[in-house]
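The values are calculated or read from the model by the stated rules, or taken from the named source; none is laboratory data. All of these numbers come straight from a predicted model, not from anything done at the bench. A quick note on method: Cβ atoms are made from the backbone with ideal geometry, for glycine too, and the neighbour counts reach across all protein chains shown. Just so you know, the surface numbers come from the protein's heavy atoms only, side chains and all, with ligands and any DNA or RNA stripped out. Shrake-Rupley method; radii C 1.70, N 1.55, O 1.52, S 1.80 Å.
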Amino acid sequence: MTNKKEIKNICCIGAGYVGGPTMAVIADKCPHIQIDVVDLNNERISSWNNDDLNLLPIYEPGLAEIVGRCRGKNLHFSNLIEEKIGTADMVFISVNTPTKKKGIGAGKASDLKWVESCARQVAKFSKGYTIVVEKSTLPVRTAETIMSILYGSMSDKIHKNQTASFEVLSNPEFLAEGTAIKDLENPDRVLIGGANNDAMELLSEIYRNWVPKEKILKTNIWSSELAKLTANAFLAQRISSINSISALCEATGADIREVSRAIGSDTRIGSKFLDSGPGFGGSCFKKDILNLVYLAEYFGLPEVANFWEEVVNINHWHQHRISKLIVKKLLGTVVGKKICILGFAFKANTNDTRESSSITICKDLIDEGAILFIHDPQVSSAQIYSALEKKENYQIKEIKEQNDFLKYEGQWCFEENIYNCSEGADAIVVLTEWEEYSLIDWKDISKRMRKPSWVFDSRSIISQQEVIKANLNFWRIGDGTNI
Ligand code: NAD
Ligand code: UGA
């Protein structure tokens, strides 16, 4: 039953990397809609409400300005989950869907317990006709589960003389971290999957406030759910493809930047997502591909499952390949050697470290006995501690005698200053493409490092000429021109 003419109140469950920025942009573009973003995590909600806009829980260029404009007007952050579901015409489910750690499908299938709990809350607290929108990335056919919970609750409500009815839509999010606001303001497309045209139209109307009509695609609900997983799988596949070729470049005298440019000029291939790096990170690529692999296995398609699983396997191999070659270049051992890690976020312009290649590479180097001084302009030492599952040792900052490093093998500390970081170091490893790393004064750094010293550039952002002029050894991803 559709009895709404327009959406006036939105409730978004989940104030994370997707819920926060997405709702901020909708609020900015639709001043006539009241938006409540709710979350179980009180600390996160307090950060969203912090007077100091530099202390929002998510660092995303342009986000603070929008939150500053809309917060308290038509954008509100709270933990009033039940109340805000009750007043909403439309509820977005934007909660986490990580890979299951145990039970059936462990290590591959998505854990849907948070999504299910949202559906149950909506079933219990919604009033009247509510459109429920899947914003989280979900396995194809999850809408069926949500519908069965919602429709199942309708008879309960009738017994209590309450009226309730629901429509479920899929509206996956394609934003990338670091460019989230740009992506939301000017999306390549908005995808809406569903069966009820009126409900789809109501959601489409919201986006039409700033997105051209022709960019709003409508599909059936299963195509929409599957298209999101497929988009991430295709993007990740490009990165694994180019990274696998980078290893071949290093072995043959080719240069991955030249190969990327040459193949990217073919309009059928296209030039985006062809930058070889330390391997893809982020909370979604690995999780979503493994979910696809699980689905393919579940539906009896092992060849399809194996094809996509290789994308993740190559990524894993590639990350370890980098750790191994660092050890090899540093004369076969890094025990007691000081290595500066530049960048811990999984990409530039975000403070997110989930599945960052820096985690794998740092863990490998720590296991080998290196002493890591880690720098990142947006990631805190507390985040690094939690990612590495190893406490920071501040004492190593006090070491003056090079030999004393040997006593502290396998330790790490956080360092805010890149130049201090390089004092007495044997190597500098660039793992995130922060712009400030491309502006480093290598002559100054060189004076501070122990010789022979190495610079490893896994992101192709360092000037080879300047590093070599500064008398430093240089390795760069996919560069076989020095063999
Ligand atoms: P996140 O972990 O940053 O945020 C999820 C939030 O949901 C958390 O704050 C958590 O406390 C809250 N939550 C969980 N269960 C809840 C409940 N029952 N009631 C209230 N709050 C609850 O996750 P995210 O990165 O925003 O991702 C959310 C979804 O969006 C995932 O499915 C992800 O795959 C998808 N996605 C993420 C991105 C991205 O760039 N991070 C992009 C596109 C899609
Ligand atoms: C990715 C997709 O790009 C988004 O469309 C999608 O919405 C999102 O996942 C999601 O579902 O979570 P995100 O992970 O935020 O976005 O960032 P990307 O720009 O895709 O980068 C992912 C990883 O690939 C990063 O580690 C990045 O450094 C790496 N990458 C990217 C490369 O190594 N080379 C490239 O050319 C591009």
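Some notes on this structure:
- Treating r as the C-beta distance of Ser148 and Lys102 and R0 as 25 Å, the FRET efficiency rounds to 0.55.
- Projected-area mean, region 75-148, by convex hull of Cα positions, square nanometres: 5.6 nm²
- For region 257-297, radius of gyration divided by Kirkwood radius, i.e. Rg to Rh on alpha-carbons: 1.14
- With the biggest extent put first, the Cα atoms of the chain measure 79, 49, 43 Å across the principal axes.
- Under the simplified labelling scheme, the Arg448-Ala262 pair shows an inter-label distance of 3.9 nm, with each label point 7 Å from Cα along Cα→Cβ.
- Among beta bridges that DSSP assigns inside the chain, antiparallel share in %, nearest 5: 5 percent
- Accessible solvent surface per residue of the chain, calculated while the other protein chains remain in place, 1.4 angstrom probe, Å²: 45 Å²
- Local electrostatic count at Glu466 - Lys and Arg +1, Asp and Glu -1, tallied over other residues with Cβ under 10 Å: +1
- Diffusion coefficient (Stokes-Einstein, Kirkwood radius over C-alpha pairs, 25 °C, 0.890 mPa s) for region 329-483: 159 µm²/s, rounded to a whole number.
- Over 30 Å (Cα to Cα) - which of Lys73/Lys124; Lys182/Lys447; Lys272/Lys328; Lys157/Lys287 fall in this group: Lys182/Lys447; Lys272/Lys328; Lys157/Lys287
- Each of the peptides 271-280, 43-52, 196-205 was scored by the mean count of other Cβ atoms within 10 Å over its residues; in descending order, highest first, they stand as 271-280, 196-205, 43-52.
- Stokes-Einstein D in µm²/s, Kirkwood radius over Cα pairs - region 264-348 at 20 °C with 1.002 mPa s viscosity: 136 µm²/s
- A Förster radius of 51 Å, combined with the Cβ-Cβ distance separating Lys324 from Leu301, puts the computed FRET efficiency at roughly 0.90.
- Rounded percent of accessible protein surface that carbon and sulfur make up, the chain, 1.4 Å probe: 50 percent
- For region 1-89, convex hull of alpha carbons as volume per residue, Å³: 92 Å³
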